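This report refers to the structure that appears directly beneath it.
The values are calculated or read from the model by the stated rules, or taken from the named source; none is laboratory data. Being a predicted model, the structure only gives us computed values, none of them experimental. Don't worry about glycine lacking a Cβ; one is built from the backbone with ideal geometry, like all the others, and counts go over all protein chains shown. Remember, those area values only see protein heavy atoms, side chains included, never the ligands or the DNA or RNA. Shrake-Rupley method; radii C 1.70, N 1.55, O 1.52, S 1.80 Å.
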Amino acid sequence: MVHAQLHCIFPQCDSRYSVNSDANACTECAGLLDVKYTGIDASSVKELAQLRRMNNTKVHDRSGVWRFRHLLPFYLEHAKKDDNLVTLDGMEGNTWPIHLTHAAEYAHLPSENVWFQFEGNNPTGSFKDNGMAAAFTHAKMLGRTYVACASTGNTSASVAAFAANELSQMRAAVFIGDGKIARGKLAKTLAYNPKVLQIAGDFDDAMSRVQEVAKSEGIYLTNSVNPFRLEGQKTIMHRVWEGLDWEVPDWVVVPGGNLGNCSAFGKAWHELYELGLTTKMPRIAVINAQGANMFYQLVQQGAVWNGGKVNREDYNRAFANAPKAHTRASAIEINKPVNFYKALRMLEWTNGVVSEATDDEMLEAQAVVNRNGYGCEPASAATLVGMKKLRAEGIIRPSDKVVGIFTGHLLNDAEALIEYHAGERKYQFSNQPVKVPNSLDAIVAALR
Ligand SMILES: *Cc1c(COP(=O)(O)O)cnc(C)c1O
Ligand SMILES: [Zn+2]
């Protein structure tokens, strides 16, 4: 029998709660919570996923999230069946790792050892759809009909689309800061018709307010502090594993903002290892934007999980005094990452590392990805910057198998691309339009 329970992540506390609760923090120690399982049948994990991928006439089998539902079976606590699974008609999570020669070359790695997975190809343009499928399923399990989130644009679009989908039919409120939000993200958020509240403050302020409101008003919170959302994001790694023919890579590289994704990745591999399905852990590299690098800085200064024996007062003070985040990579413009402790634990589990990328480095790397005929937004390109840096530092070796995750779609931030290619400043890979008179001779001459 499969059983799921919420556990406080701090082993010293180890408080446990029913999954039929929307608690996002331990009531004893305010720690983050994990969904933990017993009774998962490891013997059928790969076969089930494969079978569902081949015989995908059911939406839940088509979904790249729910194809792996036997690795996130919290929903069984409620219904004992999969009728309640929320999905964008099976379209979320249909991504897999691929090779990109220009990007591998840019990182000075042999292309056959490097894969990239485009999570921006999810229905709403970011990896967030993986998480929302699971979070909405949990909200439905609890009978909730009103969901909310704070967002820099991708979470809000995902929440709004899932709420609007006729399979879930919920109300959604999204909190955005009054700072800059990429127009593509604002556009898609408004389009899916949630209640959009623009808070006079930055993302970190919007995050604090939405947590308060969710608590006081009983609205279901879908930010990555929600442990069920992270269950859905584990499947990003399940698909990497499947795509590498059930081999574990040496490295997984991913941008870090609120640190939910890297934490979910760590949990995914940790669980596969504990189930005896894998015999090694990949090392996870998290890449901060230099202008939002509290995680990088704290780890540089020696922050470690140490089995949960951490001085939380010190860190809480550091976050309270954190400078305002400032980067072109709006998706990771976050200096008070809510999943800090889970991310520290992930570093311990995976012998992980943290690096950082400047805005210019991200824009150049983004252009390199485009030269392969694919795209991602600036924050996602931190992945390629980090890969290149870690290779240059000798931390990633040429023989290592490396997987980079691109988190968001190219068009989320069209302004960044137009500025890069057609703006006044010239970048390394700028592709300026060539101005020609409206005459055949001039056009032919320009084509040579
Ligand atoms: C949300 C987001 C991130 C940050 O992920 P976290 O889980 O908050 O660390 C990175 N890139 C993109 C495109 C995102 O939408
Ligand atoms: Zn606790």
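Pull up the range 7-36, narrow it to residues that are within 25 Å of the chain's Cα centre (by Cα) and open to solvent by 40 Å² or more (accessible area, probe 1.4 Å), then point me to the one that is nearest to ligand 1 (Cβ to nearest atom).
Going residue by residue through the range 7-36, those that are within 25 Å of the chain's Cα centre (by Cα) are 7-10, 19-26, 30-36.
Of the ones still in play, those that are also open to solvent by 40 Å² or more (accessible area, probe 1.4 Å) are 20, 22, 25, 30, 36.
Values: Asn20: 25, Asp22: 20, Ala25: 17, Ala30: 20, Lys36: 20 Å.
Among residues in the range 7-36 that are within 25 Å of the chain's Cα centre (by Cα) and open to solvent by 40 Å² or more (accessible area, probe 1.4 Å), the one nearest to ligand 1 (Cβ to nearest atom) is Ala25.
Which residue, of Glu274, Glu217, is within 26 Å of Gln50 (Cα to Cα) and not hydrophobic (A, V, I, L, M, F, W, C)?
Values: Glu217 fails: within 26 Å of Gln50 (Cα to Cα).
After applying the criteria, what remains is Glu274.
Can you name the residue in the range 292-306 that is open to solvent by less than 30 Å² (accessible area, probe 1.4 Å) and outside any loop (DSSP other than H, G, I, E, B) and is also farthest from Ser330 (Cα to Cα) among such residues? Write out each step before concluding.
Let us first name the residues in the range 292-306 that are open to solvent by less than 30 Å² (accessible area, probe 1.4 Å), namely 292-295, 298, 303, 305.
Applying the additional criterion that residues be outside any loop (DSSP other than H, G, I, E, B) yields 292, 294-295, 298.
Details: Ala292: 10, Met294: 15, Phe295: 16, Leu298: 21 Å.
That would be Leu298.
Could you tell me which residue of the range 190-213 is farthest from Ala173 (Cα to Cα), considering only residues that are open to solvent by 70 Å² or more (accessible area, probe 1.4 Å) and in contact with a helix residue (DSSP H, G or I) (Cβ under 7 Å, 6 or more places away or on another chain)?
Across the range 190-213, the extreme among qualifying residues is Tyr192.
Within the range 375-383, is there a residue that is within 14 Å of Asn293 (Cβ to Cβ), among the hydroxyl-bearing types (Ser, Thr, Tyr) and away from ligand 2 (no atom under 16 Å from the Cβ)? Break it down stepwise before answering.
Of the residues in the range 375-383, the ones within 14 Å of Asn293 (Cβ to Cβ) are 379, 382.
Then keep just the ones that are among the hydroxyl-bearing types (Ser, Thr, Tyr); that gives none.
No, there is no match, as no residue in the range 375-383 is within 14 Å of Asn293 (Cβ to Cβ), among the hydroxyl-bearing types (Ser, Thr, Tyr) and away from ligand 2 (no atom under 16 Å from the Cβ).
Do any residues in the range 353-364 that are at negative phi have Cβ atoms under 6 Å from those of residues that are buried (at least 21 other Cβ atoms within 10 Å of the Cβ) and part of a strand (DSSP E or B), where the two are at least six apart or on different chains, and which pairs are they?
Val353/Ala285; Val354/Val286; Ser355/Ile287; Glu356/Asn288; Ala357/Ile287
Across the range 390-429, what is the number of residues that are open to solvent by less than 30 Å² (accessible area, probe 1.4 Å) and part of a loop (DSSP other than H, G, I, E, B)? Before the answer, list the steps.
Let us first name the residues in the range 390-429 that are open to solvent by less than 30 Å² (accessible area, probe 1.4 Å), namely 390, 396, 400, 402-408, 412-413, 416-417, 420, 423.
In the following step, the residues that additionally are part of a loop (DSSP other than H, G, I, E, B) were identified as 396, 400, 407, 423.
Adding up the residues that qualify gives 4.
Tell me which residues, restricted to the range 311-333, are open to solvent by 10 Å² or more (accessible area, probe 1.4 Å) and assigned to a loop (DSSP other than H, G, I, E, B).
Across the range 311-333, the qualifying residues are Asn311, Asn321, Ala322, Pro323, Lys324, Ala325, His326, Arg328, Glu333.
Listed residues Lys280, Lys267; which is within 25 Å of Ile40 (Cβ to Cβ), within 16 Å of ligand 1 (Cβ to nearest atom), open to solvent by 10 Å² or more (accessible area, probe 1.4 Å) and at pLDDT 95 or above?
Details: Lys280 fails: within 16 Å of ligand 1 (Cβ to nearest atom).
So the residue among Lys280, Lys267 that is within 25 Å of Ile40 (Cβ to Cβ), within 16 Å of ligand 1 (Cβ to nearest atom), open to solvent by 10 Å² or more (accessible area, probe 1.4 Å) and at pLDDT 95 or above is Lys267.
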